[in-house]
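The values are calculated or read from the model by the stated rules, or taken from the named source; none is laboratory data. Quick caveat: nothing in here was measured; it's all calculated off a predicted structure. Using ideal geometry, Cβ is built from the backbone for each residue, glycine included, and neighbour counts are taken over all protein chains shown. When the accessible area is computed, the model is the full protein with side chains, heavy atoms only, and any ligands, DNA or RNA have been set aside. Shrake-Rupley method; radii C 1.70, N 1.55, O 1.52, S 1.80 Å.
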Amino acid sequence: MTFVLRRAGQAAIVLIAAFTATFFLLQLLPGDAILIKFSDPSLGLSPDQLDSIRTTYGADLPWWEQYVHAGLGFLAGDFGFSTQFGTPVLTMLTEALPATLLLASLGLVVALLLAVLIAGLSWLAPFAWLRDGLRQVPGLFVAVPVFWLGILLIQVFSFGLGWVPIVGADPVSGLVLPVLTLAVPISAPLAQVLVRAIDQVQAQPFVTVVRAKGAPPLWVLTRSVARNAAVPTLTIAGVLFGELVGGAVVTETVFGRTGIGRLTEQAVANQDIPVLQGVVLLSALGFVVISFAVDLVTPLIDPRQRTLSRSTASAASRPAPQEVSA
């Protein structure tokens, strides 16, 4: 119970900080989203009508009143209205979120598979030069720009080889190239952390004992090393999941997919502040939920974390020793 309350408090602090930073940074943007939308001469709006629209959106209020009004609205589940489309922001996020969640989830799964493959082969490869070469692959992956990789995959596998259609694709084949575009850069830090964790675990005495008993390398890796090396990889995977949402901005634009990324790109172009605030808070909430899930799953993978948590809890609940006066 204490753990849940502590994490709820941390989550509240993260969300408040994300909202505050986003609000003030967006207030510093030059220009006015309402003027961008409604100052077109073809609309024929008078200055009084523009002022009335600004009043409707609350843009005429002082910054501190806008901050309080927006904060109270978020607490009540009211994200406001898009200045570009006039649609409730919550409705726009709800409609765009499923597509991005599917893309990000598949991208994370593929990234984990790539990281495990690279780390496993770099440990099991029979030649030293091959093992060293595989360890350099994550550095290559992390240097690849997302937009360039997406365009390259389209040119090679769609236009060149014709394996994956880019126009008129069905829901399954339409996900192949976007998922790869997201997965390759994200797999790099995962592979680097996993390789480093494997190196640290294999140097432990219990692994030496297992090897001395004649266990083959694959058995040592899967039964003795992998489980102990998975914890830091799982932690960094939870953190990187939020980056998949950021990568989706570019990926969904390159592949013409609808989702949170495409919605963000349109909001930035139109200075649609309510939508941008909603996207940032949604991303912050995603980080909080995923971090909480990782904290729950970690003790299931490594029982030592369970014991450590119990020891910390009992130490915290134990009364402090009293000083004995002479």
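Here are some notes:
- Applying a threshold of 9 Å to beta carbon distances and a minimum spacing of six or more residues, or different chains, the list of pairs starting in the stretch 134-146 at a residue that is among the small types (Gly, Ala, Ser) and ending at one that is open to solvent by 40 Å² or more (accessible area, probe 1.4 Å) and not in a loop (DSSP other than H, G, I, E, B) reads GLY139/GLN192.
- When the stretch 97-133 is filtered for residues that are under 26 Å from the mean Cα position of the chain (by Cα) and farther than 30 Å from VAL279 by Cα, the ones remaining, listed by number, are VAL116, LEU117, ILE118, ALA119, GLY120.
- Only a single criterion out of (1) more than 15 Å from ALA96 (Cα to Cα); (2) touching a residue at least 12 places away in the same chain (Cβ under 8 Å); (3) open to solvent by 20 Å² or more (accessible area, probe 1.4 Å); (4) hydroxyl-bearing (Ser, Thr, Tyr) is not satisfied by SER187, namely (3).
- Selection from the stretch 105-117 of residues that are more than 12 Å from ALA237 (Cβ to Cβ) and touching a Leu at 6+ places or on another chain (Cβ under 6 Å): none
- Residue in the stretch 64-81 that is nearest to LEU15 (Cα to Cα), counting only those that are of a type in the set (Phe, Trp, Tyr) and under 30 Å from the mean Cα position of the chain (by Cα): PHE74
- Leading residue by the ranking (farthest from the chain's Cα centre (by Cα)) among those in the stretch 193-207 that are modelled with pLDDT of 75 or more and open to solvent by 80 Å² or more (accessible area, probe 1.4 Å): PRO205
- Leading residue by the ranking (nearest to ASN270 (Cα to Cα)) among those in the stretch 74-108 that are without any contact (Cβ under 8 Å) to a residue 60 or more places away in the chain, in a helix (DSSP H, G or I) and among the β-branched types (Val, Ile, Thr): THR91
- Taking the listed residues VAL268, VAL210, VAL239, VAL279, the one that is in contact (Cβ under 8 Å) with a residue 12 or more places away in the chain, assigned to a helix (DSSP H, G or I) and more than 18 Å from the chain's Cα centre (by Cα) is VAL210, with no other qualifying.
- For the stretch 92-148, filtered to residues that are farther than 30 Å from GLY80 by Cα and among the polar types (S, T, N, Q), the residue that is most open to solvent (accessible area, probe 1.4 Å) is GLN136.
- Some residue of the stretch 21-30 being surrounded by fewer than 10 Cβ atoms within 10 Å (Cβ to Cβ) and either more than 28 Å from ALA293 (Cβ to Cβ) or modelled with pLDDT under 70 (or both): yes
- Of all residues in the stretch 153-184 being open to solvent by 70 Å² or more (accessible area, probe 1.4 Å) and not in a loop (DSSP other than H, G, I, E, B), the one that is modelled with the highest pLDDT: GLN155
- Within the stretch 214-233, residues that are surrounded by 13 or more Cβ atoms within 10 Å (Cβ to Cβ) have Cβ atoms under 6 Å from residues that are among the polar types (S, T, N, Q) and at pLDDT below 70 in these pairs: VAL231/THR298, counting only partners at least 6 apart in sequence or on another chain.
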